[in-house]
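Each remark here refers to the structure printed beneath this line.
The values are calculated or read from the model by the stated rules, or taken from the named source; none is laboratory data. Keep in mind that this is a model prediction, so the values were computed, not measured. So basically every Cβ, Gly included, is an ideal-geometry build from the backbone, and we count neighbours across all protein chains shown. Note: accessible area is taken over every heavy atom of the protein model, side chains too, but ligands, DNA and RNA are not part of it. Shrake-Rupley method; radii C 1.70, N 1.55, O 1.52, S 1.80 Å.
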Amino acid sequence: MEKGPFSVEWLAQSSRGGAREVLGSHPQTPPFVPAESPRAREAAERRSPAHGEEPGDAAPGRSRTKFSAAQLQELERSFREQRYIGAGEKRRLATVLNLSQSQIKTWFQNRRMKFKRQTQDAR
C-alpha cells in the first residue's frame with residue numbers, strides 16, 4: 001500500500017504522531033507541527049478572545065472610524081456623482097477629508113453594498 005498523504009496508513013501514522021517520516025517523503029505536504037509548538041500556541045491565542053473579553057467584542061487592531069457630518073456629506077456627494085471612485089478622486093478626498101485612501105476605498109465599498117441592499121428592498 002502506498003504511504004502517500006491521506007492514505008489509510010498515513011492517516012493512522014499521523015494520528016499517532018509518526019507522520020514525520022511519511023511527510024518528509026512528500027515535498028508538497030506542509031511539515032507536521034505539533035500542537036505544543038510556539039507557532040501553534042500563538043495561532044490559538046490569535047483565534048481565541050483575550051482574557052476578560054467577550055467573544056462578541058471587536059477584534060484587536062484598528063478601531064471603527066467615526067466620520068464627521070462634513071466628511072459624510074462630501075463622501076455622499078462624491079458617491080452620487082460616481083459609485084466607483086478613481087485613484088485621483090480617492091487621493092483628493094483623502095487629503096480634503098483628512099482620511100486615509102484605504103478608509104475612502106472601504107467607505108465606497110460599504111456604500112455600494114448599502115445601495116445594493118436599498119435597491120433590492122425597494123423591489
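A simple count of charges around Lys114, restricted to other residues whose Cβ falls under 14 Å of its Cβ and scoring Lys, Arg +1 and Asp, Glu -1, yields +4. A simple spin-label model places the labels of Lys114 and Ala12 6.0 nm from each other, with each point 7 Å out along Cα-to-Cβ. The residue among Leu97, Gln73, Ala87 whose Cα reaches farthest toward the positive pole of the charge dipole of segment 68-122, with charges on the beta-carbon of Lys, Arg, Asp and Glu, is Ala87. Using the average count of surrounding beta-carbon atoms within 10 Å as a protection proxy, the listed peptides 99-112, 66-79 rank, highest first, as 99-112, 66-79. Once the 1.4 Å probe is applied to the protein heavy atoms, segment 68-122 comes out at 69 Å² accessible per residue.
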